[in-house]
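*Asks:* Quick one: structure below, then a few questions.
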Amino acid sequence: MTYRALFAGFAVLALTFACFAQAPPKKGNPLVKKQAYGHMPDGAAVDLYTLTNANGMEIHIITYGGIVTSLMAPDRAGKLADVVLGMDTLAGYLSDTQHFGALIGRYGNRIGNGQFRLDGQVFTLPKNDPGDKPENTLHGGPGGFDHRLWKGAETPNADGPSVLLTYVSKDREMGFPGTLTAKVIYTLTKKNELRIDYSATTDKDTVVNLTNHSYFNLAGAGEGDILGHQLTILADRFTPVNAGLIPTGELKAVQGTPFDFGKATVIGARIDEPDQQLKYGHGYDHNYVITPGMGGLTKCVEVYEPKSGRVLEVLTTEPGVQFYTGNFLDGTIHGKGGKVYPYRGALCLETQHFPDSPNKPSFPSTELKPGQTYHTVTVYRFSAR
């Protein structure tokens, strides 16, 4: 071989390596990865499931509380950032009082006076809200689903990687009647959606209202407050509350009030107005009444963060969504990576039946009977512009 031929061969080889080096990285195949996360105080193992879709988006879920511990979403440049608040360790979640990322049940939101009547019988629940002298039951009580260990399993799904979580709540757990078998499927779809399918069955008449309590900051967890996020809520009415944040039973029009987000509005624009409802909630902490769409899933919320360009859309089969602006975050919580979570450092969009529905006959019913199946769907869709 001549030197000229040898040089030509090296040139072709170098060019080939250069082409590989400059080619964009291939996006991975959808997958589910399971690994150990820690142990409960009684020694029970807690697992971590990582869902990754073909676009490289990634979601982490642990079997304690069904908690979404991390959600990596792309900005307008394709850069991923974790957009949900949470803790670095299981110990952090065991001591958490903010319900970061957790599955909520048996009854999401509040039940007034810690009791309800069903089939002529009064059921008494533990009171854990508000503060030192609780009067109401919040999120299923102090031992609700967010404090329980769920059983996890990968489950086949054509839409993307999925994990099925199952929890069996015994009769009279937290005072609720009936043994309730709850199943929740988390799916990370090809369209960069977190789809949550909730279902439940019971052996006695009971009430049920499941939701997820993720705290979103589209700039990134711990990256300041969310007052500059632009919000649209597609609802004409909300359910006003009393001083204990229990609905009065009224469905009030949002028009002409600080609760009107019919057009995209900066969250901080009216949050401190001298409105009695805002005073009760220390900001926004209210249920909006969704008008159902014809196709089952109804788009009810859109959030846009201008700096990153990230967009979050919420679609649901539920009749309501609780909009909460992190009013009880106070800058004392150190979350993932040691970042401080400031006052109003995140927002929650909890799809649900209305608070205190068991005590409000005019509200959509949350009763579940033997032989029936409770089933709701919520989709959190991420994009950028």
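*Asks:* For T166, what charge total do you get from the other residues with a beta carbon under 9 Å from its beta carbon, if Lys and Arg give +1 and Asp and Glu give -1?
*Replies:* Result for the local shell: +2.
*Asks:* What is the pair-distance distribution P(r) of the chain, computed from all Cα-Cα distances in 20 Å bins starting at 0, with each bin given as a whole percent?
*Replies:* Spelled out per bin, shortest first, that is 27, 56, 11, 4, 1.
*Asks:* In debye, nearest 20: dipole of the chain around its Cα centre with unit charges on the Cβ of K, R (+) and D, E (-)? Write out the running numbers ahead of the final one.
*Replies:* Working: 36 positive and 37 negative charges, 230 e Å.
So the dipole magnitude of the chain works out to roughly 1100 debye.
*Asks:* Under a point-charge model restricted to the Cβ atoms of Lys and Arg (+1) and Asp and Glu (-1), what is the dipole moment magnitude of the range 231-280 relative to its Cα centre, in debye to the nearest 20?
*Replies:* With only Lys, Arg, Asp and Glu charged at Cβ, the dipole is about 60 debye.
*Asks:* Once each part is reduced to its C-alpha centroid, what is the distance from the range 102-158 to the range 166-221 in angstrom?
*Replies:* What the calculation gives is 11 Å, centre to centre.
*Asks:* Hey, any idea what % of the chain's accessible area is carbon plus sulfur with a 1.4 Å probe? Provide the component values of the computation, followed by the final result.
*Replies:* Details: 9390 of 17050 Å².
Carbon and sulfur together cover 55 percent of it.
*Asks:* Once you have the Cα-Cα distance between K34 and Q276, take 0.36 nm times their residue separation minus that, and quote the gain in nm to one decimal.
*Replies:* Difference between extended and current length: 82.4 nm.
*Asks:* Something else: If amide H atoms are built 1.01 Å from N in the plane of the peptide, which residues on other chains or at least 5 residues away come under 5 Å of the amide H of V266?
*Replies:* Close amide H contacts, sequence-distant or interchain: L231.
*Asks:* By the scheme Lys and Arg +1, Asp and Glu -1, what is the net charge of all other residues having a beta-carbon under 14 Å from that of V266?
*Replies:* After counting each charged neighbour, the total is -2.
*Asks:* Rank F382, N136, T202 by how far each Cα sits towards the positive end of the charge dipole of the chain (+1 on Lys, Arg Cβ; -1 on Asp, Glu Cβ) and give me just the farthest.
*Replies:* Most positive-ward Cα: F382.
*Asks:* With unit charges on the beta carbon (Lys/Arg positive, Asp/Glu negative), name the residue among L329, T187, M40 whose Cα is farthest towards the positive pole of the charge dipole of the chain.
*Replies:* T187
*Asks:* Dipole of the chain (Lys/Arg Cβ +1, Asp/Glu Cβ -1, origin at the Cα centre): which of Q372, P358, Q276 lies farthest to the positive side?
*Replies:* Result: Q372.
*Asks:* Still on this model: What number do you get for the range 198-314 when its Cα radius of gyration is normalised by 2.2 N^0.38 Å, N = residues?
*Replies:* Against the compact-globule rule of thumb, the ratio is 1.20.
*Asks:* Can you divide the C-alpha Rg of the range 85-193 by 2.2 N^0.38 Å and report the result to two decimal places?
*Replies:* Numbers: Rg = 16.2 Å, N = 109, 2.2 N^0.38 = 13.1 Å.
Ratio of Cα Rg to 2.2 N^0.38 Å: 1.24.
*Asks:* Also, I was wondering about something else. I'd like the Karplus ³J(HN,Hα) series for the range 151-160: coefficients 6.51, -1.76, 1.60, θ = phi - 60°, whole numbers in Hz, and an x wherever there's a Gly or Pro.
*Replies:* 8, x, 7, 5, 9, x, 7, 5, 7, x
*Asks:* Now a separate question. When the dipole is taken about the Cα centre of the range 88-201, and only Lys, Arg (+1) and Asp, Glu (-1) are charged at their Cβ, what size is it in debye, to the nearest 20? Intermediate results must be reported in sequence, preceding the final value.
*Replies:* Values: 13 positive and 13 negative charges, 48 e Å.
About 240 debye.
*Asks:* Averaged per residue, what accessible surface does the chain expose to a 1.4 Å probe, in Å²?
*Replies:* Dividing the accessible area of the chain by its residue count gives 44 Å².
The values are calculated or read from the model by the stated rules, or taken from the named source; none is laboratory data. Just so you know, these numbers come straight off a predicted model, no measurement behind them. Neighbour counts run over all protein chains shown; Cβ positions are idealised from the backbone, glycine included. Ligands, DNA and RNA are excluded from the accessible area calculation, which covers all protein heavy atoms including side chains. Shrake-Rupley method; radii C 1.70, N 1.55, O 1.52, S 1.80 Å.
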